[in-house]
Amino acid sequence: MIVNSSDSTETNQREYKSLHEYLDTVFAGQNPSHEEIIREKKKYWRRYNTLLKQQQRRKYKNYTISLTTDESRELKKRIAKKQSVTEYIRELVKTDLRTGTQVNESWSEHDIRKEQQLFMIADYLEKLVLGSYITDHKSITELKSHLQKLWKIVG
C-alpha cells in the first residue's frame, strides 16, 4: 500500500511504499529518539489504515439494515453452522441476483400461485383417473395451459 505523507510542513505529497522508507525520509540526517520514532510510526499506520478503509469503501459498497428481534431470531435459525449473518445475507442476495427473482414479489404470493396451479392440475388429473375421461379439445388445452403456467412459476 502506498501511503502519502500528510505532514502539514510538507507541501508536496510523497508516496511511501513501506514504513521504513517513510521513517528514512522523515528522519533523514537526524538521530531521532525512541519516542519520536514511535510517534511517526503511529502517524504512518494511522494514515495507512485511513487510506485502506477509503480504498475498500470505493471498491465495496456497504448497506445497513434494521431487523426486529423476531426477524433477527428467524434469520439466525436459517443460518448454517459456522456461517455469519453477513455471509448468509450476502449469499442470499447473490442468489437472488443470479436467479432474477423480483424483490417486491413476496414468497407467499409466489407459493400461493404455485399451489393454485397445482390444485387445478390435480383436479383435472383426478377427473381423468376417476373415469370421466377428458376427451374434448378444450379440457386438454386448459390442462396444458395450467401445466405451462406452473412451469413458468416453478422454473
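Each reported figure results from applying straightforward, stated rules to the coordinates on display, with no laboratory input. What you see is a predicted model; the values in this text were computed from it and never measured. Cβ sites come from the backbone with ideal geometry, for glycine too, and all protein chains shown count toward neighbours.
The stretch between Leu75 and Lys149 holds 23.5 nm of extra length on full extension. This uses 0.36 nm per residue minus the Cα-Cα distance. The string of couplings for segment 144-149 from the Karplus curve (6.51, -1.76, 1.60, θ = phi - 60°) is 4, 4, 5, 5, 5, 4 Hz, one whole number per residue in order, with x for Gly and Pro.
Computed from the Cβ-Cβ distance with R0 of 35 Å, the FRET efficiency linking Ser18 to Ser84 stands at 0.60. Structure shown: which of Lys61/Lys149; Lys127/Lys149; Lys94/Lys152; Lys17/Lys59 lie over 29 Å apart, alpha-carbon to alpha-carbon? Result: Lys61/Lys149 exceed 29 Å.
May I ask you to compute the full-extension gain from Thr95 to Asp111, defined as 0.36 nm times their residue separation minus their alpha-carbon distance, rounded to one decimal in nm?
Length gained, Thr95 through Asp111: 3.9 nm.
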